[in-house]
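Visitor: Encoded as structure tokens, here's the structure I'll be asking about.
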Protein chains: 4
Amino acid sequence: MATQISSKVQVPIILVNFKTYAEGTGKKALELAKICEKVGKETDVSVGVAPQLPDISLVANAVSIPVFSQHIDPISYGSFTGHVLPEAVKAAGAVGTLINHSERRLKLADIDAIVSRTQEIGLVSVVCSNNMDVSAAVAGLRPDMVAVEPPELIGTGIPVSKAKPEVVSGTVEAVRRVNPDVIVLCGAGITRGEDVAAALRLGTKGVLVASGIVKAKDPYSVLLEFADAMSKV
Amino acid sequence: MATQISSKVQVPIILVNFKTYAEGTGKKALELAKICEKVGKETDVSVGVAPQLPDISLVANAVSIPVFSQHIDPISYGSFTGHVLPEAVKAAGAVGTLINHSERRLKLADIDAIVSRTQEIGLVSVVCSNNMDVSAAVAGLRPDMVAVEPPELIGTGIPVSKAKPEVVSGTVEAVRRVNPDVIVLCGAGITRGEDVAAALRLGTKGVLVASGIVKAKDPYSVLLEFADAMSKV
Amino acid sequence: MATQISSKVQVPIILVNFKTYAEGTGKKALELAKICEKVGKETDVSVGVAPQLPDISLVANAVSIPVFSQHIDPISYGSFTGHVLPEAVKAAGAVGTLINHSERRLKLADIDAIVSRTQEIGLVSVVCSNNMDVSAAVAGLRPDMVAVEPPELIGTGIPVSKAKPEVVSGTVEAVRRVNPDVIVLCGAGITRGEDVAAALRLGTKGVLVASGIVKAKDPYSVLLEFADAMSKV
Amino acid sequence: MATQISSKVQVPIILVNFKTYAEGTGKKALELAKICEKVGKETDVSVGVAPQLPDISLVANAVSIPVFSQHIDPISYGSFTGHVLPEAVKAAGAVGTLINHSERRLKLADIDAIVSRTQEIGLVSVVCSNNMDVSAAVAGLRPDMVAVEPPELIGTGIPVSKAKPEVVSGTVEAVRRVNPDVIVLCGAGITRGEDVAAALRLGTKGVLVASGIVKAKDPYSVLLEFADAMSKV
């Protein structure tokens, strides 16, 4: 039951955040993105990638899967040296962006302004949150998606969907109450197909994953396991 | 129909933010707080004050009206040199705090953590917002109050309750949908009694005001006008 | 008397900051960089460009002149979603970076850490400053270059080299006292060849320029005028 | 050989940072400050205290030793809700301020502006730094004092003056080269009198200390040991 978010993005989705890992930088970002594209084609599961800003065009020119920015700033054209212009990441090939990742927390007023900017220029917005209340708050800003990730589980291999299922289902419920149009993803500690399946059964429409794929010995196999699990729920 | 928020704070309220105005610093903060106390006693309208951090104890020791901090940080006892410990402002005599004022915008996750800290130690939380969507977001964090202030009107003398009544009533409505327990104040440009009355008629429980009182030639007269208008709605 | 800073960068230099101007984003960044390259070849004056992060690889793959990042963060490979990894901008083709631009001011400890990172991986560092004292401070961190730009003149068309020559010559002197190896550039308000000539006569080794070129009706003519003036000093 | 920095502050000095420790908040801040005053009187060694912002007036009204703020912002009177106005901490009784503590790192341009503000209104400036290069940078801004504290040693009980004597003496030397008028303190891990003596022998004019005193079982005894050691160098 795939739902189209934009012409390029559909859910359920496995969204792979390359962070600033060596395994996801430069040429390796390109290789990893091609693996993600391959799994997407083989399984018919939507797989998206979020490489670093300097790698967006490299990746977007080489693959047909959706490419996300890891961050954008609440700015328009002008004098903002060193900031991330939404139009620039779009021109480079991004179709969406992460916002407020736990490693790049933003001011509330800026998250609101960034979500507005994504709507103006046509980028899919995925706002990260750290708990149920913050997810409810984010839903009030009407982004396309909220990705709840308890920061204490990020990078641990302890999956949020097993360790804190109540945070995931509670977020799904809290977000629905505020704005039923907002899609919920979850992340943190996801390393196996069953974690992905659990996430979907708890009411999410996908996962945000980083080290579980990017730092895996064999990213292809792990991502294939994720996609298989997702397609069976 | 006064409602008690805590043992020291009730609404409707006129909350006077002293900012870092010369007219609200040091001894002048003390004088101004005494004027606020006087008007409160004479009119039986609740008036609160938010002096600067170094002036909290000076003011709180001298007046019986509620004293708010202008800011606290999302911290507990520990190694946080130069930050604002909630316990320290409470010990100095504050009964509540502003959070996320437009001149001191905070990260979403920090606002959430600060609201939690106020609940732990018993401070009344007043989270500022800049528009309806952000007010709805704030309501998701379950503070005691949201104070909506369109930043473009702050300090202008153009009252939000007249220039943008739809922002005020829209905020009241949006907050009620998310969490009907959260009280709404409004602010920006309020300089006359009729602006205060309009704010209450739009569904708020009071106003957040700064230059309109602090920089008035005769703060006593203006505040009295505010209080009279409030008591008649 | 050209001096080689690295294999790719020499001074005197005209360094063109594309900011987030529409005229310097995406395909227009590419066109503008080609104009800069053309002037550099025609005049034998060193011209560098600083496009936005998502445009670095696009530009660097198309031109042979030095490409700078507008910003990098004080990080190494790891979990830093949404931050700018020095290795990533280098992999994309940058040979240097602006640091602490007035529109992207940084913490002192972070500037120090960033300069160290540039030295580790071989990027030319250009740290911006706003006055003489801050320039002297920056020189203590031993970057390759300091670019002094009084913020009140940026974008005004009032050239620092004419309006505040004492800030330029004072910076040259103050930096020399702290560390004579650090090269001084200046910027702000530079729109004509004579402003560039004045900057060099005051002891700098070049200029940092943005709107004067990027938003010029005919960037080629203005840059040619700059380069001619520079080659005659 | 005491040197007078201002009418209220002289070096050598033991400067006790109360941080946001429970043992240094509210009434306990007052008790601790009185202990510091007692030791100062008994030994004729200069002891200063840096309590939290809401405790400055409480402490300054009760003791005659110099009271420092832990932080101030680069602002003047105006609309800066929640920020720390230099005039306000002075009015509350502070005679100086810490700037850029490792737990409250600041932008370079802001440190410069804060140092200027302290000079305008007559507060003693103590700018913290994390290494030799940053200390040299700070010296370029001409504060009254630089306090070098390797962050990795803060709170460890491993004294900088023993573990990294070369950082201390190197800082003394680097600062002298840039500006011989700037006084050097050091801090981090100082828990015994001999650490203080070592700091002075390395060329500093005192120590910045926190947990070593504030969290000591018997602050009086430890501070007395510090002061005795200082008076014998």
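The values are calculated or read from the model by the stated rules, or taken from the named source; none is laboratory data. The model shown is predicted, which means the values in this text are computed figures rather than measured ones. Counting neighbours? That spans all protein chains shown, and the Cβs are built from the backbone with ideal geometry, glycine included.
Visitor: From the residues in the range A:60-97 that are more than 7 Å from chain C (Cβ to nearest Cβ) and in contact with a Gly (Cβ under 7 Å, 6 or more places away or on another chain), which one is surrounded by the most Cβ atoms within 10 Å (Cβ to Cβ)?
Guide: A:VAL67
Visitor: On the given criteria, is B:PHE68 modelled with pLDDT of 95 or more, in a strand (DSSP E or B), under 24 Å from D:TYR21 (Cα atoms) and not hydroxyl-bearing (Ser, Thr, Tyr)?
Guide: Judged against the criteria, B:PHE68 is a match.
Visitor: Turning to a different aspect of this structure: Of the conditions (1) surrounded by 21 or more Cβ atoms within 10 Å (Cβ to Cβ); (2) in a loop (DSSP other than H, G, I, E, B), A:PRO180 clears all except one; give me its number.
Guide: (1)
Visitor: Right, next: Just to be sure before I move on: is D:GLU120 modelled with pLDDT under 95, assigned to a helix (DSSP H, G or I), charged (D, E, K, R) and on the phi < 0 side of the Ramachandran plot in the structure I sent?
Guide: It is false that D:GLU120 is modelled with pLDDT under 95, assigned to a helix (DSSP H, G or I), charged (D, E, K, R) and on the phi < 0 side of the Ramachandran plot.
Visitor: Moving on. Pairs under 8 Å by beta carbon, first residue more than 12 Å from every other protein chain (Cβ to nearest Cβ) in the range A:139-158, partner among the charged types (D, E, K, R), six or more apart or different chains?
Guide: Qualifying pairs under 8 Å: A:MET145/A:LYS205; A:LEU153/A:LYS164.
Visitor: Next question. Please work out which residue is farthest from the other protein chains (Cβ to nearest Cβ), limiting yourself to the range C:44-58 and to residues that are free of Cβ contacts under 8 Å to residues at least 60 places away in the same chain and outside any strand (DSSP E or B).
Guide: The extreme case among them is C:PRO51.
Visitor: Kindly provide the set of residues from the range D:98-113 that are assigned to a strand (DSSP E or B) and either within 9 Å of chain B (Cβ to nearest Cβ) or of a type in the set (A, V, I, L, M, F, W, C) (or both), ordered by number.
Guide: Result: D:LEU98, D:ILE99.
Visitor: Only residues that are surrounded by fewer than 24 Cβ atoms within 10 Å (Cβ to Cβ) and at pLDDT 95 or above: list them for the range B:141-169, please.
Guide: B:ARG142, B:ASP144
Visitor: Could you tell me whether A:THR3 is modelled with pLDDT of 95 or more and polar (S, T, N, Q)?
Guide: Spelling it out, it is not the case that A:THR3 is modelled with pLDDT of 95 or more and polar (S, T, N, Q).
Visitor: Continuing with this model, one more query. Tally time: how many residues in the range A:68-109 are under 15 Å from the mean Cα position of the chain (by Cα) and over 27 Å from B:PRO74 (Cβ atoms)?
Guide: Of the residues in the range A:68-109, 5 are under 15 Å from the mean Cα position of the chain (by Cα) and over 27 Å from B:PRO74 (Cβ atoms).
Visitor: Kindly indicate whether any position in the range D:49-67 is β-branched (Val, Ile, Thr), touching a Pro at 6+ places or on another chain (Cβ under 6 Å) and under 30 Å from D:ALA136 (Cα atoms).
Guide: No, every residue in the range D:49-67 fails to be β-branched (Val, Ile, Thr), touching a Pro at 6+ places or on another chain (Cβ under 6 Å) and under 30 Å from D:ALA136 (Cα atoms).
Visitor: Take D:VAL127 and tell me if it is in a strand (DSSP E or B), modelled with pLDDT of 95 or more, within 16 Å of the chain's Cα centre (by Cα) and more than 12 Å from chain B (Cβ to nearest Cβ).
Guide: Here the answer is yes, as D:VAL127 does meet what is asked.
Visitor: For the range B:206-231, what are the residues that are more than 14 Å from the chain's Cα centre (by Cα), crowded, with 24+ Cβ neighbours inside 10 Å and not aliphatic (A, V, I, L, M)?
Guide: Across the range B:206-231, the qualifying residue is only B:PHE226.
Visitor: Here's something else I'd like to know. Could you list, ordered by first residue, the pairs with Cβ atoms under 9 Å in which the first is in the range A:119-133 and over 30 Å from A:SER7 (Cβ atoms) and the second is assigned to a strand (DSSP E or B), at least 6 apart or interchain?
Guide: Listed pairs, sorted by first residue: A:ASN130/A:VAL148; A:ASN131/A:VAL148; A:MET132/A:VAL148.
Visitor: Then there's this: Answer yes or no: is there a residue in the range B:77-97 that is touching a Phe, Trp or Tyr at 6+ places or on another chain (Cβ under 9 Å), modelled with pLDDT of 95 or more, closer than 23 Å to B:SER7 by Cα and part of a strand (DSSP E or B).
Guide: Within the range B:77-97, one or more residues are touching a Phe, Trp or Tyr at 6+ places or on another chain (Cβ under 9 Å), modelled with pLDDT of 95 or more, closer than 23 Å to B:SER7 by Cα and part of a strand (DSSP E or B).
Visitor: To continue, here is another question. Can you tell me which residue in the range B:117-176 is farthest from B:VAL89 (Cα to Cα), limited to those that are of a type in the set (S, T, N, Q) and out of contact with any strand residue (DSSP E or B) (no Cβ under 8 Å at 6 or more places or on another chain)?
Guide: Step by step, filter the range B:117-176, then rank; the result is B:SER169.
Visitor: Could you list all residues from the range B:170-208 that are at pLDDT 95 or above and among the acidic types (Asp, Glu)?
Guide: B:GLU173, B:ASP181
Visitor: Looking at the range D:166-182, I want the residues that are at positive phi and away from chain C (no Cβ under 14 Å) and have a partner that is part of a helix (DSSP H, G or I) and of a type outside the set (Gly, Ala, Ser) with Cβ atoms under 6 Å, at least 6 apart or on another chain. Which pairs are those?
Guide: The qualifying pairs do not exist here.
Visitor: What are the residues in the range B:1-43 that are free of Cβ contacts under 8 Å to residues at least 12 places away in the same chain, farther than 25 Å from D:VAL84 by Cβ and not in a loop (DSSP other than H, G, I, E, B), if any?
Guide: If the condition is that a residue be free of Cβ contacts under 8 Å to residues at least 12 places away in the same chain, farther than 25 Å from D:VAL84 by Cβ and not in a loop (DSSP other than H, G, I, E, B), then B:GLN4, B:LYS41 are the ones that fit.
Visitor: While we're looking at this one, here's another question. Which numbered condition in (1) over 17 Å from the mean Cα position of the chain (by Cα); (2) among the acidic types (Asp, Glu); (3) surrounded by fewer than 21 Cβ atoms within 10 Å (Cβ to Cβ) is the only one that D:ASP112 fails?
Guide: Going through (1) over 17 Å from the mean Cα position of the chain (by Cα); (2) among the acidic types (Asp, Glu); (3) surrounded by fewer than 21 Cβ atoms within 10 Å (Cβ to Cβ) one by one, D:ASP112 breaks only (3).
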